[in-house]
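The values are calculated or read from the model by the stated rules, or taken from the named source; none is laboratory data. Predicted model only: the values in this text are computed from it and were never measured. FYI the Cβ positions are ideal-geometry reconstructions off the backbone, even for glycines, and counts take in every protein chain you see. In case anyone asks, the SASA skips ligands and DNA or RNA and just uses the protein heavy atoms, side chains included. Shrake-Rupley method; radii C 1.70, N 1.55, O 1.52, S 1.80 Å.
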Amino acid sequence: MPIIRQSARRLAPMLAPLLASSLAAPVAAQSAAPKGMTLDRVVMLMRHGVRAPLDGEVPHGTRTATPWPIWSTPESELTPNGAAALAVEARADRAMWVARGLMAADACPAKGTVRIRTNSSSRTIASGDAYAKGLASGCGIAIDHKPLGQADALFEPLRAHATRFDATAAVADINGFTGGMDALVARHRESLALLDKVLGCGVPTVCDPAGPPRLTPSADGKGIDLTGPIRTTSGTAQVLLLQYAEGLPSSVGGILVDGAVLARLGAVHAALFDVYSRSPYMAAHQSAAFGRHMIAALTEAEGPKIDLLVGHDTNVTALAALLGFDLVAPGYATNDAAPGGAILINRWHDRAGKPFVTVDYRTQSPDQIRAHATTVSVRPVQVRGCPASAPCPLDRFASLFAGRLAPLAD
């Protein structure tokens, strides 16, 4: 299928003022560079920025004390504040790369040195465009993606039938990983109760229309279906985070919502990824296509200095699980992927030319996004199977990475 190169032109007039203000802002973010090594390539996977809610993300029938706030951004689209935050993150990334000699401080990147590929949804395309403008304003970096709405195996391998996915095996592995759906719900009773207080529905039972927890193969056998409290409340918790980050009123009539409450509620959203992306089977299949892209980008002799994939929370959580670390960032529950958050795989070489890898997780907190802050958080992470206190040899990293990916379909 064709890959389209374009920018999110219809968002440009709305986003330009916010992008311009973020580009003028100072940034502060940098993880420690390995002593005696030079950075020569970065391969990244990033979640799209703050978006408006999806249809049904708060399940129909969910009760609240007062109405939800009205969004000016259409359903599922990247918001102006989300675009501005992505520009801040891009500028922080560039400042770090300039300091390490990967990019020039005052020039457009040379042709072919930056590659950005997004999923085919409008929010990921617009996120790639916002990041590109933040990274190199006026330089016209192209955004590659499939036609709008077309399944892209890099980001949606189950939908694209890109792997030999066995739904029955997936359910068994997820149940083994979580202890089963009843146990998963039981572990999150406190967060579920907190969500009821936030919604303030005023009845003694739960505020959402959840049924009993159940995980089954989908009817066509090509996916999995989840029902119950985690399925119905995870979207509601995410909408509360998104509207807070966007700067909308944060209460729907129960207790007031601030960053601390959001971090607790985020455990409900993160629990969804225990089902869809974090068990060994699901991580291997969800990462199968983009993982191979990233390995190739790290190991090919010639290639872009910066290779960015822009996808979704399922992509980021699957990659973290596959590499063996938790997503931990200020303002978020563990393994609740941040809007605009990115996993950066940094390739270095020593004085003898031998390549090594380090990995970082870069985010902005909901409070930082809401306040238009100009700083980001960069946290080094430990890849399972790599040295605990030293960069990982690239050949070892690539072997570990490749060995955990599911086979692609013939």
Quiz item: Based on what the data block shows, is T317 of a type in the set (V, I, T), out of contact with any Lys or Arg (no Cβ under 9 Å at 6 or more places or on another chain) and either open to solvent by 10 Å² or more (accessible area, probe 1.4 Å) or more than 22 Å from M96 (Cα to Cα) (or both)?
Solution: no
Practice problem: Sort out which residues of segment 117-133 are among the aliphatic types (A, V, I, L, M) and more than 15 Å from the chain's Cα centre (by Cα), and write them in order of number. | Solution: A130, A132
Quiz item: How many residues does segment 273-292 hold that are closer than 16 Å to A172 by Cβ and not in a helix (DSSP H, G or I)?
Solution: 2
Quiz prompt | Contacts under 7 angstrom Cβ, first residue in segment 395-410 being under 18 Å from W348 (Cβ atoms) and at pLDDT 95 or above, partner open to solvent by 50 Å² or more (accessible area, probe 1.4 Å) and part of a helix (DSSP H, G or I), 6 or more apart | solution = A398/T299
Quiz prompt | In segment 320-356, residue farthest from S399 (Cα to Cα) [restricted to those that are open to solvent by 10 Å² or more (accessible area, probe 1.4 Å) and polar (S, T, N, Q)] | solution = T334
Quiz item: How many residues are touching a Phe, Trp or Tyr at 6+ places or on another chain (Cβ under 8 Å) and assigned to a helix (DSSP H, G or I) if we restrict to segment 75-102?
Solution: 4
Exercise. Evaluate segment 246-254: report whether one residue or more is part of a helix (DSSP H, G or I), touching a helix residue (DSSP H, G or I) at 6+ places or on another chain (Cβ under 8 Å), modelled with pLDDT of 95 or more and closer than 20 Å to A193 by Cα.
Key: no
Practice problem: Identify the residue in segment 183-205 that is open to solvent by less than 70 Å² (accessible area, probe 1.4 Å) and free of Cβ contacts under 8 Å to residues at least 60 places away in the same chain and, among all such residues, is farthest from D274 (Cα to Cα). | Solution: D196
Quiz prompt | Matching residues in segment 357-385 - criterion: being buried (at least 20 other Cβ atoms within 10 Å of the Cβ), outside any strand (DSSP E or B) and not polar (S, T, N, Q) | solution = P366, I369, R370, V376, V383
Exercise. Report, by residue number, each residue of segment 380-410 that is touching a strand residue (DSSP E or B) at 6+ places or on another chain (Cβ under 9 Å) and among the charged types (D, E, K, R).
Key: D395, R396
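Please find, within segment 198-241, the residue that is farthest from G180 (Cα to Cα) out of those that are in a loop (DSSP other than H, G, I, E, B) and among the aliphatic types (A, V, I, L, M).
V203
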